[in-house]
Amino acid sequence: MKYSSTRGADTDHPKSFCDILLEGLAPDGGLYLPQTYPVLTEGDLAKLRPLSYPDLAFEIMSRFVDDIPREDLRKIVNKTYSKEVFGTNDITPVHTLEKDLHLLKCSNGPTLAFKDIAMQFLGHLFEYVLAKRHAEINILGATSGDTGSAAEYAMKGKKGVRVFMLSPHEKMSPFQCAQMFSLQDKNIFNMSVRGVFDDCQDMVKAVSNDLEFKAKYKIGAVNSINWGRIVAQVVYYFKGYFAVTKSNDEKVSFAVPSGNFGNVLAGHIARMMGLPIKRLIVATNENDVLDEFFKTGKYRPRKTAETRQTSSPSMDISKASNFERFLLDLVWRDPAVVRELMRKVDQEGGFDISHCPYWKRLQAFGFISGASTHADRMRTIRHVWEQYNIEIDTHTADGLRVAEQHRELGVPMVCLETALPAKFEASIVEALGHKPVRPAGYNGIESLPQRFEIMDIDVAAVKAKIAMAVGG
């Protein structure tokens, strides 16, 4: 399995999985994708259906990771996906709300968010590869709330790893801030940026695009721009499909709360591999750039001042990085077209494919979308509590709200849970009139001492922070 950039770099000299794992962004500013997707036969699906989560993860991941000995990869997978880490052997159990409506519970990890499923794997993977290569890495990331804590909990104390995490100042929930900023590990550095998530993400890309600095300070990524994250997320689409069906000739739809597009991209890849997915439903909040694109063909990322602060803050994103990976598939794998489309985004503020052949191809991929408002998610949280006696967080509520608009008779609808409601206590109190249940060990987390640095939108300052911490 070989990888090249969405913008064409390394097409003639593709790279291995471990190389792109450590590299993050490609030298031309693009994102790495496999040159082809592995395709599963009916027989393959039949063999995968009865497997445990670790065994399923190994079988899926080994099709993308062929430069790590199989037994070593199996050990990494087994170490990651255990009851000790995720509280259940199922890892992502399915909770049925009613006939053909299900929640895929993805928030059982240490930071109570779906990001743990991929990030715990990535932490062990980084440690393994760095040890083999006698190398170090400085991870630079941006977070809208959950990626940061998941990354830091996965990487804290790991040998050869430092984490520099940018987050939007005062735009995450108090719980999310506390999870990140209360960590005292010496290899963790938190920078709270006076801006929005897109500003943080833009700075990460700017640093990564300085190839001399990137090489000198060994800059890597754990955002979903890192392909290893996406590979790990593909697995739970298979797990969810098998859990709600009895045979592999059934179709299932997935509703996915979407911010940076990595989660739903993993579903697209599972579908490209042969998983019988009928619809991938992209659910946004008031920051509805993706909803606008899937409905009109127009992609117009909003500026900082236009990006709204909402009660589902992890989706307060206007420029979704992983969307570029999907674009490459949409334009028949032509990196020149991707380069031109991304040029239009940077220089003209967006693009429109509604009159291109790509628009018809978009319909064939099975994507549909919808947006949710604060009032919508409050009503959804109340409805789910009153109807099913289940507390859900605001992002999951966005997904369920949009899913309800697209249910089809006889087609199971699986909604991906993104986080536990304890992470967004104020919104749950507003919706239900009581505080959400907190898992053991998380009471009083907001009162712990916090360690972080407030900074302006300044790429040079980020570089200086990295250089000072590394000592170069």
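Values quoted throughout were computed directly from the atomic coordinates according to the rules given, and no laboratory measurement underlies them. The structure presented is a predicted model; accordingly, all values stated were derived computationally and were not measured. Neighbour counts run over all protein chains shown; Cβ positions are idealised from the backbone, glycine included.
When the chain is fully extended, how far beyond the present Cα-Cα distance does S447 get from L97, taking 0.36 nm per residue of separation?
Details: separation 350, 0.36 × 350 = 126.00 nm, distance 3.54 nm.
Length gained between S447 and L97: 122.5 nm.
Could you pull out every residue, at least 5 positions away or on a different chain, whose amide H is within less than 5 Å of the one on G220? Hs are placed 1.01 Å off N in the peptide plane, and Pro or chain starts have none.
Correct list: N138, I139, L140.
Remind me, relative contact order of the chain in percent, using alpha carbon pairs under 8 angstrom and six or more residues apart?
19 percent
State, to one decimal in nm², a quarter of the convex hull surface area for the C-alpha atoms of the range 190-278, i.e. the direction-averaged projected area. Let's see the in-between values first.
Details: hull surface 30.3 nm².
Over every viewing direction, the Cα hull of the range 190-278 projects on average to 7.6 nm².
Tell me, rounded to the nearest percent, the portion of alpha carbon pairs in the range 114-186 spaced more than 20 Å apart.
On the way: 726 of 2628 pairs.
In whole percent, the long-distance tail amounts to 28.
Classify the range 255-398 as rounded, prolate or oblate from the Cα gyration tensor: take a ≥ b ≥ c as the square roots of its eigenvalues, call it rounded if a/c is under 1.5, otherwise prolate when a/b beats b/c and oblate if not.
Values: a/c = 2.45, a/b = 1.47, b/c = 1.66.
Judged from the Cα gyration tensor, the range 255-398 comes out oblate (a/c at least 1.5, b/c at or above a/b).
Please list, in order, the residues from the range 292-324 whose amide nitrogen is less than 18 Å from a point placed 7 Å along the Cα→Cβ vector of R194.
Inside the label zone: 304-306.
Jot down the per residue volume, in cubic angstrom and as a whole number, of the convex hull over the alpha-carbon atoms of the range 60-129. Before the final figure, lay out the partial values.
Working: hull volume 7.3 nm³, N = 70.
About 104 Å³ per residue, rounded to a whole number.
In the chain, what % of DSSP beta bridges are antiparallel (nearest 5)? Spell out each step's value before the answer.
Numbers: 12 of 46 bridges.
Around 25 percent antiparallel, to the nearest 5.
Two decimals is fine: what is log10 I(q)/I(0) at q = 0.16, 0.19, 0.25, 0.30 Å⁻¹ for the range 269-316, from a Debye sum with one equal scatterer on every Cα and no solvent?
Log10 of I(q)/I(0), two decimals: -0.59, -0.74, -0.94, -1.09.
So for the range 402-472, Kirkwood radius off the Cα pairs, Stokes-Einstein at 20 °C and 1.002 mPa s: how many µm² s⁻¹? Intermediate results must be reported in sequence, preceding the final value.
On the way: Rh = 17.3 Å.
D = 124 µm²/s.
Based solely on C-alpha atoms, express the radius of gyration and the Dmax of the range 320-414 in angstrom.
Rg and Dmax of the range 320-414, Cα atoms, are 17.8, 52 Å.
Starting from the Cα-Cα distance between A440 and E292, subtract it from 0.36 nm times their residue separation and give me the gain in nm to one decimal. Write out the running numbers ahead of the final one.
Working: separation 148, 0.36 × 148 = 53.28 nm, distance 4.05 nm.
Full-extension gain reported as 49.2 nm.
Across 10 Å bins from the origin, how do the percents of Cα pairs in the range 102-152 run, short distances first?
23, 45, 25, 6, 1
Return the sequence-ordered ³J(HN,Hα) values of the range 99-115 in whole Hz as given by the Karplus equation 6.51 cos²θ - 1.76 cosθ + 1.60 applied to θ = phi - 60°, using x for Gly and Pro.
With coefficients 6.51, -1.76 and 1.60, one gets 3, 6, 9, 9, 10, 8, 7, 10, 10, 9, x, x, 10, 6, 9, 5, 4 Hz.
Would you mind working out the magnitude of the charge dipole of the chain relative to its Cα centre, with +1 at each Lys and Arg C-beta and -1 at each Asp and Glu C-beta, to the nearest 20 Debye? All intermediate terms of the calculation are to be shown ahead of the outcome.
On the way: 59 positive and 58 negative charges, 112 e Å.
Value, rounded to 20: 540 debye.
Q387 versus N209, label points 7 Å from Cα toward the beta carbon: distance in nm?
For Q387 paired with N209, the spin-label model returns 4.5 nm.
How large is the direction-averaged shadow of the alpha-carbon convex hull of the range 1-159, in nm²? Can you show the working numbers first?
On the way: hull surface 45.7 nm².
Spelled out: convex hull of the Cα atoms, projected over all directions, averaged, 11.4 nm².
Evaluate the distance, in nm, between pseudo-label points positioned 7 Å from the Cα of R308 and of E42 along their respective Cα→Cβ axes.
Here the answer is 4.8 nm between the modelled labels.
Name the long-range amide H neighbours of G195: under 5 Å, sequence gap of 5 or more, or other chain; modelled H, no Pro or chain starts.
Amide H neighbours of G195, under 5 Å, 5+ apart: H169.
Out of residues 5 or more away from L97 or on other chains, whose amide H comes under 5 Å of its own, with H placed 1.01 Å from N in the peptide plane?
Correct list: H102, L103.
Would you compute the Debye intensity of the range 275-347 from its alpha-carbon atoms alone, equal scatterers and no solvent, and pass along log10 I(q)/I(0) at q = 0.20, 0.22, 0.25, 0.28 Å⁻¹ to two decimals?
-0.96, -1.10, -1.26, -1.38
Please give me, ordered by residue number, the trypsin sites (Lys or Arg not before Pro) of the range 178-225 that lie in loop per DSSP and have at most 11 other Cβ atoms within 10 Å.
In loop regions of the range 178-225 (DSSP not H, G, I, E or B), the sparsely surrounded trypsin sites (Lys or Arg not before Pro) are K186.
Quick one: if you stick a label point 7 Å off each Cα along the C-beta vector at V459 and L409, how many nm between them?
For the pair V459/L409, the computed spacing is 5.6 nm.
Got a sec? Which residues in the range 157-179 would a label at A469 touch, if it sits 7 Å along Cα→Cβ and we count backbone N under 20 Å?
The answer is 157-172, 176-179.
I'm a student and want to see the number: the projected area of the Cα convex hull of the range 30-90, averaged over all directions, in nm².
For the range 30-90, the mean projected area of the Cα convex hull comes to 5.6 nm².
Take the chain, compute every pairwise Cα distance, and split them into 10 Å bins from 0; I just need the percent in each bin.
Distribution as computed: 4, 22, 34, 29, 11, 1, 0 percent.
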